[in-house]
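The values are calculated or read from the model by the stated rules, or taken from the named source; none is laboratory data. Remember, it's a predicted structure, so these values are computed and weren't measured experimentally. Quick reminder, even Gly has a Cβ in these numbers, built from the backbone with ideal geometry, and neighbours come from all protein chains shown.
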Amino acid sequence: MGVWWNGAWNCHQYHATTEFFADFGVYDVKLTIPQFELAGASGVLVEEKQNPDKTKTLTYHGDDIHDFAWTVSPRYNVRESVYQSQMGPIQLRFLMQPAHWSQVERHDRITRQTLDHFEKWYGPYPYKTLTVVDPEPDSAAGGMEYPTFITGDSSWFMPKGLYLPELVVEHEFGHQYWYGMVATNEFEDAWMDEGINSYTEVKVLDSILGKNTSMLNIAGITSSEREYQRLGYIEVADRDAMAQKAYEYYSFGAYAGITYGKTASVLLTLESIIGEDTMAKAMHTFFMKYRFTHPVKEDFLKTIEEVSGKDLRWYFNQAVYGSQVMDYEVLKVDSFPMNWYEDKKDNKKDAKDTMYQSYVSVHRKEDFVMPVEVEIKFDNGESIREHWDGQSRWKRFSYQKKAKVISAELDPDHRVQIDRNNFNNSYRTEPNPRPTHKLSTYWIFLTQLAGQALAWWAV
């Protein structure tokens with residue numbers, strides 16, 4: 001399907017890494033299926049007619065959508081409920097596999113919570129229906145988006161702290177906004193669909209499930225959505241730019257890592273530059289201005305600049321249009337007594353009065369240039385924040401104090417999500433035993449559990 005766009009037909013062949021670009025229209029669809037089948041589809045069911053040959057004809061109507069999807073199965077268990085949106089009631093319909101029926105409440109709850117956040121943060125959901133389908137196992141139909149119709153993903157074993165159903169439902173609903181209403185060209189700018197949606201996915205799930213527990217929270221073991229997105233990006237950080245046609249990426253892995261992970265990480269990092277509230281305002285403005293249109297990347301970037309009142313080309317040229325990689329490190333930390341030349345045996349001064357010359361060196365290893373904060377801590381409890389513009393390859397901070405440096409950390413508030421290696425962002429002069437104690441506790445627990453299991457098996 002082609003789109004008459006910018007004075008020409010925009011038509012692309014199918015590629016494995018491309019999805020949708022179509023124009024808005026009105027869909028009237030009739031489905032004739034066996035009477036024992038249960039159906040779900042895009043749009044509103046306006047008529048159901050029973051036929052003499054034991055079939056039935058379902059008529060659906062959809063306004064201002066650019067695709068239509070449907071499903072039939074005799075196995076679905078159905079739950080229906082109503083959500084009161086800003087523009088009126090929405091009929092929610094959940095088509096669940098029998099083996100997953102115990103999870104229907106989770107699907108309903110995350111759908112409502114996601115609707116709450118999107119309507120509050122970005123703008124109203126204007127449609128009258130939303131169908132959430134729990135597809136057949138191994139059907140390869142899980143995790144897909146269509147107008148007013150999405151598919152989730154789950155399994156018969158899904159403990160409460162494992163948030164796969166919540167993640168998938170939130171992500172696919174997000175596409176009702178980023179692709180469904182803000183109908184960008186996924187062939188040419190996939191990051192504006194999958195990437196912006198991955199960013200809002202992080203924001204919404206952080207709010208609902210917790211910033212550090214939005215993917216996993218079981219027995220003290222946690223995982224976050226924002227770190228998942230970052231890890232997907234850093235493996236392919238130097239492969240491609242975000243502003244690239246979806247079918248021209250180096251590999252499918254590069255497409256996924258850049259389109260999803262890098263975009264989410266770039267926009268999360270942008271919050272540290274313009275402020276979280278300003279970014280939220282920019283996202284709301286972008287949605288309200290460009291819903292039911294086909295915006296391009298500059299529409300999005302200029303909206304952020306206009307709302308923030310800042311020239312952000314230095315950032316966009318590297319993060320969006322370029323493939324520069326960010327990797328800052330604490331290179332070296334030293335503290336020397338300034339009275340080193342004195343004979344220690346004759347030195348009557350108290351050690352606490354000793355003056356130290358301290359140096360903290362930070363280093364930009366790669367070619368992405370960005371200002372960062374550096375936090376230096378001393379053994380007297382004092383803490384200093386420094387600003388480094390990152391323009392030079394390295395920077396050395398110097399101090400003369402009656403205290404030694406005990407640690408230095410780049411980006412101490414952890415607001416920069418695009419640094420490729422977080423392990424070299426901090427340095428301690430003495431090791432911190434707490435992580436070791438935590439890992440050893442987990443190891444003791446697992447070995448004891450395994451020993452008890454073997455003893456039970458042996459008996």
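Quick one: is residue 227 in a helix (DSSP H, G or I), free of Cβ contacts under 8 Å to residues at least 24 places away in the same chain and on the phi < 0 side of the Ramachandran plot? So residue 227 fits the description; yes. Is it the case that the stretch 83-91 has a residue that's within 25 Å of residue 121 (Cβ to Cβ) and aromatic (Phe, Trp, Tyr)? For the stretch 83-91, residues within 25 Å of residue 121 (Cβ to Cβ) and aromatic (Phe, Trp, Tyr): present. Here are some residues: 409, 375. Which one is surrounded by 13 or more Cβ atoms within 10 Å (Cβ to Cβ), in contact (Cβ under 8 Å) with a residue 60 or more places away in the chain and not assigned by TED's automatic domain parsing to the domain that holds residue 233? Exactly one residue qualifies, and that residue is 409. Within the stretch 283-299, the residues that satisfy the criterion of being touching an Asp or Glu at 6+ places or on another chain (Cβ under 8 Å) and hydrophobic (A, V, I, L, M, F, W, C) are 286, 292, 296.
Scanning the stretch 396-432 for residues that are under 27 Å from residue 233 (Cα atoms), assigned to a strand (DSSP E or B) and charged (D, E, K, R) yields a total of 2. On the given criteria, is residue 307 crowded, with 17+ Cβ neighbours inside 10 Å and part of a strand (DSSP E or B)? No, not satisfied.
When residue 455 is tested against the conditions (1) modelled with pLDDT under 90; (2) of a type in the set (Gly, Ala, Ser); (3) under 30 Å from residue 355 (Cβ atoms), the lone failure is (3).
Among residues of the stretch 320-335 that are under 17 Å from residue 367 (Cβ atoms), those with a beta-carbon under 6 Å from a residue that is among the basic types (Lys, Arg) and crowded, with 20+ Cβ neighbours inside 10 Å at least six positions away or on a different chain give the pairs 328/364.
Within the stretch 1-18, no residue that is in the same structural domain as residue 183 (by TED's automatic domain parsing) sits with its Cβ atom under 6 Å from a residue that is of a type outside the set (S, T, N, Q) and loosely packed, with under 10 Cβ neighbours inside 10 Å at 6+ positions apart or across chains.
Identify the residue in the stretch 239-256 that is assigned to a helix (DSSP H, G or I) and not aliphatic (A, V, I, L, M) and, among all such residues, is surrounded by the fewest Cβ atoms within 10 Å (Cβ to Cβ). Going through the qualifying residues, I end up with 252. Determine, yes or no, whether residue 365 is over 30 Å from residue 337 (Cβ atoms), assigned by TED's automatic domain parsing to the domain that holds residue 353 and of a type in the set (Lys, Arg). Yes: the conditions hold for residue 365. Of all residues in the stretch 284-304, those satisfying the criterion of being in contact (Cβ under 8 Å) with a residue 40 or more places away in the chain and part of a helix (DSSP H, G or I) are 284, 286, 287, 288, 290, 297, 300. Residues in the stretch 130-138 include at least one that is assigned by TED's automatic domain parsing to the domain that holds residue 107 and out of contact with any strand residue (DSSP E or B) (no Cβ under 9 Å at 6 or more places or on another chain). If only residues of the stretch 122-166 that are surrounded by fewer than 23 Cβ atoms within 10 Å (Cβ to Cβ) and assigned to a helix (DSSP H, G or I) are counted, the one that is farthest from the chain's Cα centre (by Cα) is 165.
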